[in-house]
């Protein structure tokens, strides 16, 4: 059993009744697709388990995921091949307003692309020749 809980605002009984439905979301606009809990529910059900949820307004929410035991041996993990370096002359421009996410993406790209643009000054936006390598 895996339990996850928070001390947030909680959910009403009506909301709880719909949370595993695909595309159901309480977030407005482009903040959520409503697929996260529906996907989780599908994976757990396909594995022979179930999800229990309890929530009260003002008290938070608790999810419990129950999965069946198995006697099967674990598969042996095989080390993945290290990605080969790019051989073209491509340039990847990472555009992300969240600094931590942008830096994570750039760090991951540097593993396979030794040259990665780190910073672009706002005044350079109109002059691609200052940004992109020749």
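Could you list, in sequence order, all residues of the range 49-81 that are part of a strand (DSSP E or B) and within 13 Å of residue 3 (Cβ to Cβ)?
Once the filter is applied, which keeps residues that are part of a strand (DSSP E or B) and within 13 Å of residue 3 (Cβ to Cβ), the range 49-81 yields 51, 52, 53, 54, 60, 61, 62, 63, 64, 65, 66.
Restricting the search to the range 8-35, which residues are surrounded by 10 or more Cβ atoms within 10 Å (Cβ to Cβ) and not in a loop (DSSP other than H, G, I, E, B)?
15, 16
Going residue by residue through the range 88-99, is there one that turns out to be at pLDDT 80 or above and either over 26 Å from residue 9 (Cβ atoms) or in the same structural domain as residue 10 (by TED's automatic domain parsing) (or both)?
Looking through the range 88-99, at least one residue is at pLDDT 80 or above and either over 26 Å from residue 9 (Cβ atoms) or in the same structural domain as residue 10 (by TED's automatic domain parsing) (or both).
Would you point out the residue of the range 36-52, among those that are over 17 Å from the mean Cα position of the chain (by Cα) and surrounded by 14 or more Cβ atoms within 10 Å (Cβ to Cβ), that is nearest to residue 67 (Cα to Cα)?
Here the answer is 49.
The values are calculated or read from the model by the stated rules, or taken from the named source; none is laboratory data. These numbers come from a predicted model, not from an experiment. FYI the Cβ positions are ideal-geometry reconstructions off the backbone, even for glycines, and counts take in every protein chain you see.
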